[in-house]
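The values are calculated or read from the model by the stated rules, or taken from the named source; none is laboratory data. The structure displayed is predicted, hence computed values, not measured ones. Counting neighbours? That spans all protein chains shown, and the Cβs are built from the backbone with ideal geometry, glycine included. Surface accessibility is based on the protein's heavy atoms, side chains included, excluding ligands, DNA and RNA. Shrake-Rupley method; radii C 1.70, N 1.55, O 1.52, S 1.80 Å.
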Amino acid sequence: MTVSALSDAFAARPGAVVDDGLISHFGDPMREQRALAAGTAAAPLADRVVIEVAGEDRLSWLDSITSQAVSGLRAGDSSELLVLDPQGRVEHAAGVLEDGSSVWLIADAADAEPLATWLQRMVFRSRVTVAVRTDLELVGFFAGGDAETAVRAIAAAPHGAPLVWSDPWTAVQAGGYQYSLIADHPSADYAWRIAIVDADAAAPAELEAAGLLAAEALRIAAWRPRWSGEVDERSLPHESDWIRSAVHLSKGCYRGQETVAKVHNLGHPPRRLAALHLDGSDDVLPPAGAPVFAGDDELGHVTSVARHFEDGPIALAILSRRAPVGDLVVRADGIDIAAAQQVIVPADAGATADVPRLTRLSRRPAGQDPRKA
């Protein structure tokens with residue numbers, strides 16, 4: 001990991017637990033979650049990397065090779081895109097921020113170099129340059145509190161406007177579609193922001209800090225998919241309901257579009273994302289990859305897991321489409337952990353599916369159909 005004034009300042013905070021440059025927490029992950037969700041804390045995100053795409057053709061070029069319609073983005077607009085293989089499987093994912101002169105992509109660290117390399121191979125005659133910006137770092141926060149004011153003040157602004165990405169997961173985006181039939185989708189309160197900051201910027205001394213454990217717990221509670229968690233070599237965007245924020249169903253051709261359209265209009269994704277509320281009585285938190293069972297049948301695996309400050313142990317899991325919708329078991333370290341399942345993507349997900357809306361576990365139902373933008 002790059003050593004910088006910003007990361008050093010966060011790592012020097014009392015209680016900081018640092019492993020290979022990643023700060024997992026500052027001594028109290030539950031308190032940090034509360035503060036982060038309330039907008040009074042910020043989280044250094046050393047597990048993500050910035051890629052700058054510059055040049056006159058940057059928007060039309062990205063539009064032509066990725067899943068999202070970005071050609072019409074204006075300065076300050078945020079979006080999200082996926083790079084798919086010819087069979088429609090997810091290869092890369094990135095947040096998108098346009099500032100009027102460059103597009104700034106935010107990618108998970110393990111995906112950043114492969115994504116940048118692929119983009120560079122696709123330039124051809126386009127007036128575009130692609131660069132991994134190791135001189136920049138990322139700080140996450142939730143909108144509406146003191147953290148927003150403090151972090152925006154240190155955000156880089158190479159072309160005049162502070163670089164702050166707004167996560168589009170909050171609502172179904174134009175051209176997207178939501179497979180989840182939950183009336184009160186947990187994304188509604190997920191006002192997540194990521195600021196792009198110069199590595200030598202000073203961290204706001206008065207602002208409370210939160211670690212990656214807190215940021216991940218809030219992401220999982222919002223059912224928000226992530227490349228480093230929910231993506232494997234088989235992943236289709238439909239399976240994790242990623243079409244709601246990262247795919248435009250009526251834009252022009254791009255690699256993998258035929259499969260996206262075919263699964264959406266004519267079939268069902270072979271797997272589906274589910275939320276699990278885990279029994280915490282044994283105080284065992286299963287790792288990512290832990291198998292999920294119904295009886296003796298292995299149905300899939302856990303993709304992301306956390307201890308949430310309100311909901312306790314929670315997880316996301318990718319399951320077979322045929323998996324029953326009732327309670328399941330997660331197996332970890334020889335222990336079977338009971339798991340109450342909340343269906344995120346139904347087995348018959350598709351544009352023509354007509355399934356009654358469901359109520360989210362422990363939540364009050366709302367009165368509108370959430371599926372379409």
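When a/c reaches 1.5 or more, the comparison of a/b and b/c decides; with that in mind, is the stretch 272-318 rounded, prolate or oblate per its Cα gyration tensor?
Working: a/c = 2.00, a/b = 1.52, b/c = 1.32.
Prolate.
Need one word for the chain: rounded, prolate or oblate. Basis is the Cα gyration tensor (sqrt eigenvalues a ≥ b ≥ c); a/c below 1.5 gives rounded, then a/b vs b/c decides. Taking the square roots of the gyration eigenvalues as a ≥ b ≥ c, the chain is oblate. The GNM of the chain, with springs linking C-alpha atoms under 10 angstrom apart, assigns the highest mean-square fluctuation among Ala107, Ala214, Ala75 to Ala75.
Using a 1.4 angstrom probe on heavy atoms only, work out the carbon and sulfur share of the accessible area of the stretch 190-306 in %. Answer for the stretch 190-306 is 50 percent, counting heavy atoms of protein chains only. Counting Lys +1, Arg +1, Asp -1, Glu -1, what net charge surrounds Ile335 among other residues with beta carbon under 12 Å of its beta carbon? Around Ile335, the charge tally is -4.
In the elastic network of the chain, a GNM with C-alpha springs shorter than 10 Å, the most mobile of Pro158, Pro346, Pro287 is Pro158.
Relative contact order, whole percent, for the stretch 1-134 stands at 24, derived from Cα pairs under 8 Å and 6 or more residues apart.
Once the C-beta distance of Arg121 and Asp19 is scaled by a Förster radius of 22 Å, the resulting FRET efficiency is 0.10 to the nearest 0.05. Modelled spin-label separation between Ser281 and Cys253, with each label point placed 7 Å from Cα along the Cα-to-Cβ direction: 5.8 nm. A run of the chain free of exposed loop cleavage sites, with GluC sites (Glu not before Pro) counted only in DSSP states other than H, G, I, E and B and at most 11 other beta carbons within 10 Å, reaches its longest extent at 57-205. Inter-label distance, Ala261 to Asp28: 5.5 nm, where each label sits 7 Å from its Cα along the C-beta direction. Taking 7 Å steps out from each Cα toward its Cβ at Thr149 and Glu56 produces label points 4.4 nm apart. Each stretch of four or more DSSP H residues adds -39500 (n - 2.57); spread over every residue of the chain, this sum gives -5500 deg cm²/dmol at 222 nm.
Along the chain, counting only trypsin sites (Lys or Arg not before Pro) with a DSSP assignment other than H, G, I, E or B and at most 13 other Cβ atoms inside a 10 Å radius, the longest segment between sites is 128-233. Of the accessible area of the stretch 1-102, computed with a 1.4 Å probe over protein heavy atoms only, carbon and sulfur atoms account for 50 percent.
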